[in-house]
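Written below as structure tokens is the structure these notes are about.
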Amino acid sequence: MALVSNTLTELLNEINNELANQISLAKNMDAKIDTRKLVEQSKTLNDILQTSEITQENKSMLKKFSLTLQDSSTVKSLRYEKQDLERVLSNLNGI
């Protein structure tokens with residue numbers, strides 16, 4: 001279980017970094033948001049959840065997060081996703 005938890009935590013931290021990066025790029029350069037990496041990370045998250053031993057409640061929370069992550073296309077939505085991820089990470093501290 002620790003390996004899955006470490007992998008899950010690492011991926012969530014990568015997603016957090018990518019969200020921050022995309023927010024910063026779009027804000028600084030008024031650029032279009034590139035969600036390809038976020039969509040890829042979302043798919044990886046779903047794969048990890050298939051074999052994860054975390055509680056069903058946490059799986060459900062992460063699946064919802066993953067779905068909304070795939071639909072993020074504006075800086076505003078990315079900011080909401082970043083806030084959601086911070087809540088998710090806070091809830092997962094007990095894994």
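Side notes on the structure shown:
- Within the stretch 59-69, the set of residues being surrounded by fewer than 18 Cβ atoms within 10 Å (Cβ to Cβ) and not β-branched (V, I, T) comprises K59, S60, M61, K63, K64, L67.
- V39 vs. criteria touching a residue at least 24 places away in the same chain (Cβ under 8 Å) and open to solvent by 30 Å² or more (accessible area, probe 1.4 Å): yes
- Taken together, the residues in the stretch 70-79 that are in a helix (DSSP H, G or I) and surrounded by 14 or more Cβ atoms within 10 Å (Cβ to Cβ) amount to 5.
- Unmet criterion (only one of (1) open to solvent by 30 Å² or more (accessible area, probe 1.4 Å); (2) more than 25 Å from S5 (Cα to Cα)) for D47: (2)
The values are calculated or read from the model by the stated rules, or taken from the named source; none is laboratory data. Note that the structure is a prediction, hence the values are computed from the model and not measured. Methodologically, a virtual Cβ is constructed for each residue, glycine included, from the backbone with ideal geometry; neighbour enumeration extends over all protein chains shown. All accessible areas refer to the heavy atoms of the entire protein, side chains included, with ligands and DNA or RNA removed. Shrake-Rupley method; radii C 1.70, N 1.55, O 1.52, S 1.80 Å.
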